[in-house]
Amino acid sequence: MTNLHARLDETFHALADPTRRAVLAKLSRGPASVSDLAEPFDMALPTFLQHLKVLEQSGLIRSRKSGRVRTCELKPKPLADAERWMADQLAMWTRRLDQLDSFLLQLKSKEQS
């Protein structure tokens, strides 16, 4: 379980930055070179490469080099894991709120009688 939590921490950390989310959105349409990914951002290439490093360390992307071109591609498993965790949280909180609602309705019913 701890390993899953560590992976989720890395995924959410990577998703916390708008630049990294934009890179993932672009990669959702297919693999792209680092230069293509960096082009829309007004930042130095070394700074942009740090964003790619965070994405790669989190397992959200994979890169490979062919000649002088480094190409990145999306690896969606960490996103699926995060989605599953959020769905579990939603189910738990929905259940808890339903229980609270039932309890409050019982209290209200007792007060009126």
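Rundown of residues vs (1) in contact with a Pro (Cβ under 7 Å, 6 or more places away or on another chain); (2) hydrophobic (A, V, I, L, M, F, W, C); (3) surrounded by 12 or more Cβ atoms within 10 Å (Cβ to Cβ), yes/no style:
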site: Arg7; (1), (2), (3): yes, no, yes
site: Arg20; (1), (2), (3): no, no, yes
site: Ala38; (1), (2), (3): no, yes, yes
site: Leu52; (1), (2), (3): no, yes, yes
site: Gly67; (1), (2), (3): no, no, no
site: Lys75; (1), (2), (3): no, no, yes
Legend entry - Search result, residues across the range 22-34 that are surrounded by 13 or more Cβ atoms within 10 Å (Cβ to Cβ) and either assigned to a helix (DSSP H, G or I) or modelled with pLDDT under 95 (or both): Ala22, Val23, Leu24, Lys26, Leu27, Val34
Legend entry - Output for the range 61-78, where each listed residue is out of contact with any helix residue (DSSP H, G or I) (no Cβ under 7 Å at 6 or more places or on another chain) and within 16 Å of Asp9 (Cβ to Cβ): Lys77
Inset, instruction - Please tell me if Lys53 is closer than 17 Å to Asp9 by Cβ, of a type outside the set (Phe, Trp, Tyr) and either in a helix (DSSP H, G or I) or in contact (Cβ under 8 Å) with a residue 60 or more places away in the chain (or both). - result: yes
Inset, instruction - Check off (1) out of contact with any helix residue (DSSP H, G or I) (no Cβ under 9 Å at 6 or more places or on another chain); (2) among the polar types (S, T, N, Q); (3) under 29 Å from His5 (Cβ atoms) for Ser58 and give me the number that stays unchecked. - result: (1)
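The values are calculated or read from the model by the stated rules, or taken from the named source; none is laboratory data. Since we're looking at a predicted model, the values are computed, not measured. FYI the Cβ positions are ideal-geometry reconstructions off the backbone, even for glycines, and counts take in every protein chain you see.
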